[in-house]
Ligand SMILES: Cc1ncc(COP(=O)(O)O)c(C=O)c1O
């Protein structure tokens, strides 16, 4: 009976697997035709689903059917070529397939012994990524789920290293810095920024500070803090420098964009999210440090049941989580299937399109670009009140044709269009601009 059941499960896994892969392929083909922002009301999807789990197991085909019929209308399509909100991100085919394989292996890497390949591939891919981005050799790199966790890990190490009591960042730093400071019991001091939305280093007072977080590519406008000058101040004061390049760090695969990396080589830690602009499925946050021993001091805790005879580093000793997914597999797949040239071409194309959009806005009477564009994010607005701009955003997002987000800079409501998909074409951008312009008239 056991053997029969196994044979049956194998057949159904192949059959369901083929159907799921076919579903995924068809989805990627047609995602550009679906409304980018889910056109549902809160609670609508849940109300269409049974309130209790089934008593008896169902065929997997039912799951696929309900994915299509019930869940899909409630999906906001991050894979759409006209998803321009936040920092848009596309999961590439190589990354998607590697996620399937990682789930199949289900490695849980809390010790080298529980996942030798996952552990060693994580070290290797982080070394590869460091080479691709032009980072110093010899840094210790590992993967966390998100930049939020990476920053918690970095600031915990900083607190351990120098016993400082507060963290400094610019007013434009991401809220994950606030959250990390709050969790770690560190005070957060925000310094003002200059007219380019970059941290003003003359305003730094680092006596008794634990760390400075310098951002390369802030969330609002992708502004770049003067990391080199901040690094001098940190070195003088014995303060940890954490660089948050969660979005813009991927741009360093292109040598012409490494001007924004200046000073990062002197950071004590650096976070870059491969799941933002490096075509890797969520979640994959790359955290490097030049001071791995400090991370280890902050996080290493080895109870008896985890002691082994191997004298090999366990990556769980460098961050908060014990059980770790095989995330390196998807990053490895992406780096191999794109190669340096493929990544450069993809990043350059997103930037070319952003430049093009910026030019269209500049050339259009009644519209203005609101912040310098460094990468693939354009901040812009229509002449008029904040309310009118908010109305434009709501209208275009409701249209389902594109999805954009907003921020507030210099006290004004500003629209943001970020390009992060290598599937976005000039035609997609033209369509987006057409919808934006027509929406102001109505
Ligand atoms: C500059 C910056 N840092 C950190 C984060 C947080 O990223 P995550 O969602 O991976 O925690 C973001 C998110 O957009 C960001 O823009």
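Here's a check for you: in region 216-250, which residue that is in contact (Cβ under 8 Å) with a residue 40 or more places away in the chain and within 12 Å of residue 263 (Cβ to Cβ) is surrounded by the most Cβ atoms within 10 Å (Cβ to Cβ)? Only one residue fits best here, namely 225.
Within region 222-261, track down each residue that is over 22 Å from residue 373 (Cα atoms) and within 13 Å of the ligand (Cβ to nearest atom). Hit for region 222-261 is 242, nothing else. Among the residues examined, residue 173 does not qualify as buried (at least 21 other Cβ atoms within 10 Å of the Cβ), touching a residue at least 60 places away in the same chain (Cβ under 8 Å) and under 30 Å from residue 307 (Cβ atoms). Count of region 200-220 residues, restricted to those that are more than 18 Å from residue 271 (Cα to Cα) and either within 15 Å of the ligand (Cβ to nearest atom) or outside any loop (DSSP other than H, G, I, E, B) (or both), is 4. Across region 288-320, the qualifying residues are those that are without any contact (Cβ under 8 Å) to a residue 60 or more places away in the chain and in contact with a helix residue (DSSP H, G or I) (Cβ under 7 Å, 6 or more places away or on another chain), and the one among them that is surrounded by the most Cβ atoms within 10 Å (Cβ to Cβ) is 317. Please list, ordered by first then second residue, the pairs with beta carbon atoms under 6 Å, 6 or more apart or interchain, first in region 352-369 and free of Cβ contacts under 8 Å to residues at least 12 places away in the same chain, second part of a helix (DSSP H, G or I). Every condition considered, the pairs that remain are 369/358; 369/361; 369/362.
Of the strands (runs of 3 or more DSSP E) that lie entirely inside region 96-193, those containing 1 or more residues that are closer than 17 Å to residue 249 by Cα, within 16 Å of the ligand (Cβ to nearest atom) and under 22 Å from the mean Cα position of the chain (by Cα) span 140-144.
Restricted to region 262-287, and to residues there that are within 15 Å of the ligand (Cβ to nearest atom) and assigned to a helix (DSSP H, G or I), the residue that is surrounded by the most Cβ atoms within 10 Å (Cβ to Cβ) is 277. Residue 80 fulfils the conditions (1) within 16 Å of the ligand (Cβ to nearest atom); (2) under 27 Å from residue 393 (Cα atoms); (3) buried (at least 23 other Cβ atoms within 10 Å of the Cβ) except for a single criterion, (1). Take the conditions at pLDDT 95 or above, in a helix (DSSP H, G or I) and over 25 Å from the mean Cα position of the chain (by Cα) and apply them to residue 397. Does it pass? Here the answer is no, as residue 397 does not meet what is asked.
The values are calculated or read from the model by the stated rules, or taken from the named source; none is laboratory data. Keep in mind that what you see is a predicted model, and the values were worked out from it rather than measured. Cβ atoms come from the backbone with ideal geometry, glycine included; neighbour counts cover every protein chain shown.
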